[in-house]
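The values are calculated or read from the model by the stated rules, or taken from the named source; none is laboratory data. Computed from a predicted structure; not experimentally measured. All Cβ positions, even for glycine, are placed from backbone atoms using ideal geometry, and neighbour counts span all protein chains on display. The area values use the complete protein model at the heavy-atom level, side chains included, leaving out ligands, DNA and RNA. Shrake-Rupley method; radii C 1.70, N 1.55, O 1.52, S 1.80 Å.
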Amino acid sequence: MTTRKDFIKMATLGTTALSFGKLNAFSSPVENNDPVNKPIVLSTWAHGIPANEAAWKVLSAGGRALDAVEMGVKVPEADPNVHSVGYGGLPDRDGRVTLDACIMDENDNCGSVAFLENIMHPISVARLVMEKTPHIMLVGEGAQQFALSNGFKKENLLTADAEKSWKEWLKTSEYKPIINIENHDTIGMIALDKQGNLSGACTTSGLSYKMHGRVGDSPIIGAGLYVDNEIGAATATGVGEEVIRIVGCHLVVELMRQGHTPEEACRLAVERIAKKKPAKSKEIQVGFLALNKKGEYGSYCLQKGFNYGVYSNSISNKLFDGKSYY
Ligand code: ASP
(Lines give C-alpha, C1' and ligand atoms only; values in the text may rest on other atoms or scores of the structure.)
Protein backbone atom coordinates (compact mmCIF):
# COMPACT_ATOMS: atom_id res chain seq x y z
CA MET A 1 0.00 0.00 0.00
CA THR A 2 1.25 3.48 -0.81
CA THR A 3 0.66 5.62 2.23
CA ARG A 4 0.15 9.34 2.19
CA LYS A 5 3.54 9.65 3.91
CA ASP A 6 5.20 7.67 1.09
CA PHE A 7 3.54 9.91 -1.44
CA ILE A 8 4.70 13.09 0.26
CA LYS A 9 8.24 11.62 0.51
CA MET A 10 8.30 10.72 -3.18
CA ALA A 11 6.85 14.06 -4.23
CA THR A 12 9.49 15.84 -2.14
CA LEU A 13 12.15 13.84 -3.94
CA GLY A 14 10.81 15.28 -7.16
CA THR A 15 9.37 12.03 -8.42
CA THR A 16 5.82 13.20 -8.85
CA ALA A 17 5.27 11.35 -12.10
CA LEU A 18 6.62 8.13 -10.63
CA SER A 19 4.57 8.44 -7.49
CA PHE A 20 1.52 9.17 -9.59
CA GLY A 21 2.01 5.91 -11.43
CA LYS A 22 2.31 4.13 -8.12
CA LEU A 23 -0.73 5.79 -6.57
CA ASN A 24 -2.68 4.82 -9.63
CA ALA A 25 -1.57 1.20 -9.50
CA PHE A 26 -4.98 0.09 -8.24
CA SER A 27 -7.05 2.51 -10.29
CA SER A 28 -8.45 1.63 -13.64
CA PRO A 29 -7.84 3.06 -16.09
CA VAL A 30 -4.57 4.96 -15.43
CA GLU A 31 -4.76 8.54 -16.66
CA ASN A 32 -1.95 10.84 -17.76
CA ASN A 33 0.86 12.10 -15.55
CA ASP A 34 -0.36 15.67 -15.14
CA PRO A 35 0.26 16.88 -11.62
CA VAL A 36 -3.49 17.24 -11.25
CA ASN A 37 -5.90 15.53 -13.63
CA LYS A 38 -8.54 18.27 -13.95
CA PRO A 39 -11.21 18.94 -14.84
CA ILE A 40 -12.81 15.54 -14.52
CA VAL A 41 -16.29 14.19 -13.89
CA LEU A 42 -17.37 10.68 -12.95
CA SER A 43 -20.78 9.18 -12.55
CA THR A 44 -22.46 5.90 -11.82
CA TRP A 45 -23.98 3.58 -14.43
CA ALA A 46 -24.61 4.02 -18.15
CA HIS A 47 -27.03 6.89 -17.61
CA GLY A 48 -23.94 8.71 -16.35
CA ILE A 49 -22.73 9.12 -19.94
CA PRO A 50 -25.29 11.74 -21.07
CA ALA A 51 -25.10 13.24 -17.58
CA ASN A 52 -21.30 13.57 -17.88
CA GLU A 53 -21.76 15.24 -21.25
CA ALA A 54 -23.83 18.02 -19.65
CA ALA A 55 -21.42 18.33 -16.72
CA TRP A 56 -18.40 18.50 -19.03
CA LYS A 57 -19.86 21.54 -20.83
CA VAL A 58 -19.72 23.40 -17.52
CA LEU A 59 -16.30 22.05 -16.48
CA SER A 60 -14.54 22.57 -19.82
CA ALA A 61 -15.75 26.19 -19.87
CA GLY A 62 -14.07 26.73 -16.50
CA GLY A 63 -17.30 26.46 -14.51
CA ARG A 64 -17.73 25.34 -10.96
CA ALA A 65 -17.90 21.63 -10.09
CA LEU A 66 -21.08 22.35 -8.13
CA ASP A 67 -22.85 23.70 -11.23
CA ALA A 68 -21.49 20.82 -13.31
CA VAL A 69 -22.85 18.09 -11.04
CA GLU A 70 -26.25 19.75 -10.78
CA MET A 71 -26.52 20.19 -14.56
CA GLY A 72 -25.24 16.66 -15.08
CA VAL A 73 -27.68 14.74 -12.90
CA LYS A 74 -30.63 16.78 -14.14
CA VAL A 75 -30.31 14.86 -17.43
CA PRO A 76 -31.36 11.42 -16.08
CA GLU A 77 -33.79 13.13 -13.67
CA ALA A 78 -35.76 14.39 -16.69
CA ASP A 79 -35.36 11.26 -18.83
CA PRO A 80 -38.51 9.08 -18.77
CA ASN A 81 -36.46 6.12 -20.01
CA VAL A 82 -34.28 6.06 -16.90
CA HIS A 83 -36.38 4.03 -14.47
CA SER A 84 -34.36 4.64 -11.34
CA VAL A 85 -34.07 8.43 -11.19
CA GLY A 86 -36.61 11.29 -11.27
CA TYR A 87 -39.31 11.34 -13.97
CA GLY A 88 -40.01 7.79 -15.13
CA GLY A 89 -38.57 6.30 -11.95
CA LEU A 90 -40.24 3.12 -10.73
CA PRO A 91 -42.65 3.82 -7.88
CA ASP A 92 -42.87 2.42 -4.38
CA ARG A 93 -45.12 -0.54 -3.65
CA ASP A 94 -48.12 1.84 -3.41
CA GLY A 95 -47.46 3.14 -6.92
CA ARG A 96 -46.00 6.47 -5.82
CA VAL A 97 -42.75 7.90 -7.15
CA THR A 98 -40.80 9.28 -4.18
CA LEU A 99 -37.43 10.89 -4.77
CA ASP A 100 -34.23 11.33 -2.72
CA ALA A 101 -31.31 13.63 -3.61
CA CYS A 102 -28.38 15.48 -2.11
CA ILE A 103 -25.59 17.81 -3.17
CA MET A 104 -22.34 18.95 -1.54
CA ASP A 105 -19.83 21.64 -2.51
CA GLU A 106 -16.19 22.47 -1.88
CA ASN A 107 -16.94 24.48 1.28
CA ASP A 108 -18.72 21.67 3.18
CA ASN A 109 -22.09 23.18 2.27
CA CYS A 110 -24.67 20.52 1.67
CA GLY A 111 -28.38 20.17 1.00
CA SER A 112 -30.74 17.28 0.73
CA VAL A 113 -34.34 16.27 0.08
CA ALA A 114 -35.97 12.93 0.74
CA PHE A 115 -39.35 11.29 0.16
CA LEU A 116 -40.19 14.12 -2.24
CA GLU A 117 -43.08 13.64 -4.65
CA ASN A 118 -44.12 15.31 -7.93
CA ILE A 119 -41.03 17.45 -8.44
CA MET A 120 -38.96 16.68 -11.53
CA HIS A 121 -35.59 17.96 -10.27
CA PRO A 122 -35.01 17.04 -6.63
CA ILE A 123 -31.31 17.86 -7.02
CA SER A 124 -32.13 21.53 -7.64
CA VAL A 125 -34.40 21.57 -4.60
CA ALA A 126 -31.55 20.05 -2.56
CA ARG A 127 -29.28 22.82 -3.81
CA LEU A 128 -31.82 25.45 -2.77
CA VAL A 129 -32.11 23.88 0.69
CA MET A 130 -28.32 24.26 0.88
CA GLU A 131 -28.27 27.83 -0.37
CA LYS A 132 -31.47 29.34 1.00
CA THR A 133 -32.17 27.69 4.34
CA PRO A 134 -30.28 27.22 7.59
CA HIS A 135 -30.99 23.46 7.26
CA ILE A 136 -29.47 20.54 5.42
CA MET A 137 -32.41 18.25 4.85
CA LEU A 138 -36.12 18.66 4.07
CA VAL A 139 -38.42 15.70 3.56
CA GLY A 140 -41.85 14.81 2.21
CA GLU A 141 -44.54 17.45 2.18
CA GLY A 142 -42.26 20.06 3.72
CA ALA A 143 -39.72 19.57 0.95
CA GLN A 144 -42.50 19.81 -1.64
CA GLN A 145 -43.93 23.00 -0.12
CA PHE A 146 -40.45 24.50 -0.13
CA ALA A 147 -40.00 23.54 -3.78
CA LEU A 148 -43.39 24.97 -4.81
CA SER A 149 -42.75 28.21 -2.97
CA ASN A 150 -39.51 28.52 -4.93
CA GLY A 151 -41.14 28.20 -8.32
CA PHE A 152 -40.94 24.46 -8.97
CA LYS A 153 -43.97 22.94 -10.70
CA LYS A 154 -45.99 19.98 -9.44
CA GLU A 155 -45.81 17.23 -12.06
CA ASN A 156 -46.92 13.64 -12.40
CA LEU A 157 -43.69 11.63 -12.48
CA LEU A 158 -45.28 8.20 -12.91
CA THR A 159 -45.02 7.39 -16.62
CA ALA A 160 -47.27 4.84 -18.33
CA ASP A 161 -44.27 2.48 -18.64
CA ALA A 162 -43.40 2.70 -14.96
CA GLU A 163 -47.03 2.20 -13.98
CA LYS A 164 -47.23 -0.88 -16.19
CA SER A 165 -44.10 -2.40 -14.58
CA TRP A 166 -45.50 -1.68 -11.12
CA LYS A 167 -48.80 -3.39 -11.97
CA GLU A 168 -46.87 -6.41 -13.28
CA TRP A 169 -44.84 -6.47 -10.08
CA LEU A 170 -47.98 -6.31 -7.93
CA LYS A 171 -49.22 -9.59 -9.47
CA THR A 172 -46.34 -11.64 -8.09
CA SER A 173 -44.87 -9.57 -5.31
CA GLU A 174 -47.38 -10.40 -2.61
CA TYR A 175 -46.99 -6.71 -1.79
CA LYS A 176 -43.57 -7.27 -0.21
CA PRO A 177 -40.70 -4.91 -0.95
CA ILE A 178 -37.94 -6.88 -2.67
CA ILE A 179 -34.32 -5.85 -2.50
CA ASN A 180 -32.17 -7.44 -5.16
CA ILE A 181 -29.44 -6.70 -7.64
CA GLU A 182 -31.68 -5.36 -10.41
CA ASN A 183 -34.25 -3.04 -8.89
CA HIS A 184 -32.21 0.11 -8.38
CA ASP A 185 -29.62 2.37 -10.07
CA THR A 186 -28.98 5.79 -8.58
CA ILE A 187 -26.94 8.44 -10.34
CA GLY A 188 -24.07 9.66 -8.19
CA MET A 189 -21.77 12.22 -9.79
CA ILE A 190 -18.48 13.65 -8.48
CA ALA A 191 -16.35 16.27 -10.19
CA LEU A 192 -13.13 18.25 -9.89
CA ASP A 193 -13.13 21.60 -11.68
CA LYS A 194 -10.34 23.66 -13.30
CA GLN A 195 -9.94 25.59 -10.06
CA GLY A 196 -9.21 22.31 -8.28
CA ASN A 197 -12.46 22.24 -6.31
CA LEU A 198 -14.59 19.17 -5.74
CA SER A 199 -18.38 18.77 -5.57
CA GLY A 200 -20.88 15.94 -5.81
CA ALA A 201 -24.55 15.18 -6.40
CA CYS A 202 -26.64 12.07 -5.93
CA THR A 203 -30.27 11.55 -7.00
CA THR A 204 -32.61 8.58 -7.19
CA SER A 205 -36.12 7.21 -7.08
CA GLY A 206 -34.65 4.66 -4.67
CA LEU A 207 -35.31 0.97 -4.60
CA SER A 208 -38.27 0.19 -6.81
CA TYR A 209 -41.35 -1.11 -5.01
CA LYS A 210 -39.92 -0.05 -1.66
CA MET A 211 -42.22 0.51 1.32
CA HIS A 212 -43.97 3.88 1.19
CA GLY A 213 -41.84 6.31 3.19
CA ARG A 214 -38.60 4.37 2.80
CA VAL A 215 -35.53 6.57 2.37
CA GLY A 216 -32.20 5.12 1.27
CA ASP A 217 -28.59 6.28 1.43
CA SER A 218 -28.73 8.64 -1.54
CA PRO A 219 -29.94 11.80 0.28
CA ILE A 220 -27.88 11.07 3.41
CA ILE A 221 -24.70 13.14 3.49
CA GLY A 222 -21.87 10.76 4.37
CA ALA A 223 -23.75 7.68 3.16
CA GLY A 224 -24.68 8.15 -0.52
CA LEU A 225 -22.35 11.11 -1.07
CA TYR A 226 -19.50 12.88 0.66
CA VAL A 227 -17.10 15.61 -0.39
CA ASP A 228 -14.09 16.92 1.51
CA ASN A 229 -12.31 19.47 -0.64
CA GLU A 230 -8.97 18.73 1.05
CA ILE A 231 -9.10 15.04 0.23
CA GLY A 232 -11.67 13.81 -2.26
CA ALA A 233 -15.25 12.86 -3.00
CA ALA A 234 -17.22 9.63 -3.11
CA THR A 235 -20.67 8.47 -4.11
CA ALA A 236 -22.54 5.20 -3.79
CA THR A 237 -25.17 3.10 -5.49
CA GLY A 238 -26.91 -0.11 -4.58
CA VAL A 239 -28.83 -1.22 -1.53
CA GLY A 240 -28.88 1.92 0.56
CA GLU A 241 -29.50 0.20 3.88
CA GLU A 242 -26.06 -1.43 3.70
CA VAL A 243 -24.40 1.84 2.65
CA ILE A 244 -25.98 3.74 5.56
CA ARG A 245 -24.89 1.03 8.02
CA ILE A 246 -21.21 1.76 7.31
CA VAL A 247 -21.69 5.49 6.47
CA GLY A 248 -20.13 4.43 3.19
CA CYS A 249 -19.01 7.57 1.38
CA HIS A 250 -17.65 9.24 4.48
CA LEU A 251 -15.71 6.05 5.12
CA VAL A 252 -14.30 6.07 1.57
CA VAL A 253 -13.15 9.70 1.90
CA GLU A 254 -11.59 9.01 5.31
CA LEU A 255 -9.74 6.02 3.85
CA MET A 256 -8.38 8.29 1.12
CA ARG A 257 -7.32 10.72 3.86
CA GLN A 258 -5.29 7.88 5.38
CA GLY A 259 -3.42 7.52 2.09
CA HIS A 260 -5.42 4.90 0.21
CA THR A 261 -6.00 5.30 -3.49
CA PRO A 262 -9.62 5.88 -4.54
CA GLU A 263 -9.97 2.28 -5.66
CA GLU A 264 -8.44 0.86 -2.48
CA ALA A 265 -10.73 3.06 -0.39
CA CYS A 266 -13.78 1.80 -2.31
CA ARG A 267 -12.58 -1.79 -2.00
CA LEU A 268 -12.09 -1.51 1.77
CA ALA A 269 -15.61 -0.09 2.17
CA VAL A 270 -17.09 -2.90 0.07
CA GLU A 271 -15.11 -5.47 2.09
CA ARG A 272 -16.52 -4.04 5.28
CA ILE A 273 -20.06 -4.68 4.01
CA ALA A 274 -19.12 -8.17 2.85
CA LYS A 275 -17.53 -9.03 6.21
CA LYS A 276 -20.40 -7.67 8.28
CA LYS A 277 -23.06 -9.50 6.25
CA PRO A 278 -21.39 -12.37 4.38
CA ALA A 279 -24.60 -14.15 3.33
CA LYS A 280 -26.64 -11.06 2.45
CA SER A 281 -23.78 -9.41 0.59
CA LYS A 282 -23.83 -12.26 -1.96
CA GLU A 283 -27.36 -11.33 -3.01
CA ILE A 284 -27.22 -7.56 -3.23
CA GLN A 285 -25.29 -4.92 -5.10
CA VAL A 286 -23.38 -1.99 -3.61
CA GLY A 287 -20.88 0.07 -5.59
CA PHE A 288 -18.67 3.00 -4.61
CA LEU A 289 -17.02 5.54 -6.89
CA ALA A 290 -14.29 7.88 -5.61
CA LEU A 291 -12.16 10.76 -6.83
CA ASN A 292 -9.26 12.39 -5.01
CA LYS A 293 -7.92 15.91 -5.05
CA LYS A 294 -5.40 15.00 -7.75
CA GLY A 295 -8.06 13.77 -10.13
CA GLU A 296 -7.24 10.08 -9.54
CA TYR A 297 -10.27 7.87 -9.31
CA GLY A 298 -11.44 4.34 -8.77
CA SER A 299 -14.40 2.19 -7.96
CA TYR A 300 -15.29 -1.12 -6.35
CA CYS A 301 -18.52 -3.05 -6.00
CA LEU A 302 -19.88 -6.25 -4.49
CA GLN A 303 -21.12 -7.92 -7.67
CA LYS A 304 -19.95 -7.76 -11.26
CA GLY A 305 -22.05 -5.46 -13.38
CA PHE A 306 -21.48 -2.04 -11.86
CA ASN A 307 -20.08 0.49 -14.31
CA TYR A 308 -19.24 4.18 -14.28
CA GLY A 309 -18.60 6.94 -16.81
CA VAL A 310 -15.45 9.07 -16.93
CA TYR A 311 -15.00 12.37 -18.77
CA SER A 312 -11.62 14.09 -18.55
CA ASN A 313 -9.12 15.72 -20.89
CA SER A 314 -7.77 12.32 -21.88
CA ILE A 315 -10.88 10.14 -21.61
CA SER A 316 -13.74 11.37 -23.67
CA ASN A 317 -16.74 10.06 -21.77
CA LYS A 318 -16.28 6.30 -21.59
CA LEU A 319 -17.87 3.65 -19.47
CA PHE A 320 -15.67 1.37 -17.31
CA ASP A 321 -16.49 -1.72 -15.30
CA GLY A 322 -15.93 -1.49 -11.57
CA LYS A 323 -13.86 -4.28 -10.03
CA SER A 324 -15.94 -6.53 -7.85
CA TYR A 325 -15.57 -8.44 -4.61
CA TYR A 326 -17.48 -11.49 -5.87
N1 ASP B 1 -28.88 3.58 -3.24
C2 ASP B 1 -30.24 3.71 -3.69
C3 ASP B 1 -31.18 3.46 -2.57
O4 ASP B 1 -30.93 2.63 -1.72
C5 ASP B 1 -30.58 2.79 -4.81
C6 ASP B 1 -29.60 2.68 -5.94
O7 ASP B 1 -28.48 3.04 -5.89
O8 ASP B 1 -29.96 2.24 -6.96
O9 ASP B 1 -32.22 4.09 -2.56
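How large is ³J(HN,Hα), in whole Hz, for each residue of the stretch 211-219 in order, when computed from phi with the Karplus curve 6.51 cos²θ - 1.76 cosθ + 1.60 and θ = phi - 60°, using x for Gly and Pro?
Whole-Hz 3J(HN,Hα) from phi for the stretch 211-219: 5, 4, x, 5, 10, x, 7, 4, x.
Calculate, for the chain, the solvent-accessible area per residue in square angstrom, rolling a 1.4 angstrom probe over the heavy atoms of the protein chains. List each step's numbers first, then the result.
On the way: 12870 Å² over 326 residues.
In whole numbers, the chain has 39 Å² accessible per residue.
Pairs Lys282/Lys318; Lys154/Lys294; Lys132/Lys275: which exceed 32 Å Cα-Cα? Don't skip to the answer; put the middle values down first.
Working: Lys282/Lys318 28 Å; Lys154/Lys294 41 Å; Lys132/Lys275 41 Å.
In this structure, Lys154/Lys294; Lys132/Lys275 exceed 32 Å between Cα atoms.
Charges at C-beta only: +1 for Lys and Arg, -1 for Asp and Glu. How large is the resulting dipole of the stretch 30-93 about its Cα centre, in Debye rounded to 20? Provide the component values of the computation, followed by the final result.
Numbers: 5 positive and 8 negative charges, 12 e Å.
The calculation lands at about 60 debye.
What's the carbon and sulfur percent of the stretch 32-80's accessible surface, probe 1.4 angstrom, rounded to a whole number? Each step should come with its number before you reach the end.
Details: 990 of 1660 Å².
Carbon with sulfur: 59 percent of the solvent-accessible area.
Hey, what do the phi angles of the stretch 128-137 turn into as Karplus ³J(HN,Hα) couplings, whole Hz, using 6.51/-1.76/1.60 and θ = phi - 60°, x for Gly and Pro?
Along the stretch 128-137, the couplings run 5, 4, 5, 8, 10, 10, x, 9, 10, 9 Hz.
Rounded to whole Hz and in sequence order, give me ³J(HN,Hα) for the stretch 83-88 from the Karplus expression 6.51 cos²θ - 1.76 cosθ + 1.60, θ = phi - 60°, writing x for Gly and Pro.
8, 10, 9, x, 4, x
Helix 160-173 sits at what angle to the longest principal axis of the chain, using alpha carbons and giving 0 to 90 degrees rounded to 10?
With rounding to tens, the tilt is 80 degrees.
Between Ser199 and residues 5 or more places away or on another chain, which pairs have amide H atoms under 5 Å apart, with H built 1.01 Å from N, and which residues are they?
Ala191
Could you state the angle between the C-alpha long axis of helix 248-257 and the longest principal axis of the C-alpha atoms of the chain, as a value from 0 to 90 degrees rounded to the nearest 10?
Helix 248-257 and the main axis of the chain meet at about 10 degrees.
Given charges of +1 on the Cβ of Lys and Arg and -1 on the Cβ of Asp and Glu, with all other atoms neutral, how large is the dipole of the stretch 203-314 about its Cα centre, in debye to the nearest 20? Show your work: numbers first, answer last.
Numbers: 14 positive and 11 negative charges, 80 e Å.
It works out to roughly 380 debye.
By the gyration tensor of its Cα atoms, with a ≥ b ≥ c the square roots of the eigenvalues, what is the shape of the stretch 111-270: rounded for a/c under 1.5, prolate for a/b over b/c, or oblate?
On the way: a/c = 2.34, a/b = 1.29, b/c = 1.81.
Note, shape of the stretch 111-270 comes out oblate.
How far is the Cα center of the stretch 202-236 from the Cα center of the stretch 251-320, in Å?
Cα centroid of the stretch 202-236 versus Cα centroid of the stretch 251-320: 14 Å apart.
Using a Gaussian network for the chain with springs between C-alpha atoms less than 10 Å apart, which of these wobbles most: Asn52, Asn156, Asn292?
With Cα springs under 10 Å in the chain, the top fluctuation among Asn52, Asn156, Asn292 is at Asn156.
What are the residues whose amide H is under 5 Å from the amide H of Lys210, where those residues sit 5 or more places off or on another chain and H is modelled from the backbone?
Close amide H contacts, sequence-distant or interchain: Arg93.
Which residue fluctuates the most in the chain, going by a Gaussian network model with Cα springs under 10 Å, if the choices are Glu254, Glu155, Glu242?
Among Glu254, Glu155, Glu242, the largest GNM mean-square fluctuation belongs to Glu155.
Please give, to one decimal in nm, the separation of the simple spin-label points placed at Arg257 and Leu148, each 7 Å out from Cα toward the Cβ.
4.1
Calculate what fraction, in whole %, of the accessible area of the stretch 225-326 sits on carbon and sulfur atoms when a 1.4 Å probe is rolled over the protein chains.
Working: 1710 of 3510 Å².
Reported share for carbon and sulfur atoms: 49 percent.
Restricting to Cα pairs below 8 Å that are 6+ residues apart, what does the relative contact order work out to for the chain? Please round to a whole percent.
Details: 876 pairs, mean separation 71.9, N = 326.
With pairs under 8 Å counted, the relative contact order is 22 percent.
Starting from the amide H of Gly295, placed 1.01 Å from N in the peptide plane, find each other amide H under 5 Å away whose residue is 5 or more places distant or on another chain.
It is Asn37, by chain and number.
Taking a ≥ b ≥ c as the square roots of the eigenvalues of the Cα gyration tensor of the stretch 189-305, is the shape rounded (a/c under 1.5), prolate (a/b larger than b/c) or oblate? It would help to have the intermediate numbers written out before the result.
Details: a/c = 2.20, a/b = 1.41, b/c = 1.56.
Judged from the Cα gyration tensor, the stretch 189-305 comes out oblate (a/c at least 1.5, b/c at or above a/b).
Quick check on the stretch 256-326: take the gyration tensor over C-alpha atoms, sort the square-rooted eigenvalues as a ≥ b ≥ c, and tell me if it's rounded (a/c under 1.5), prolate or oblate. If you can, show how the numbers build up before the last one.
Numbers: a/c = 3.97, a/b = 1.51, b/c = 2.62.
Oblate, since a/c reaches 1.5 and b/c is not below a/b.
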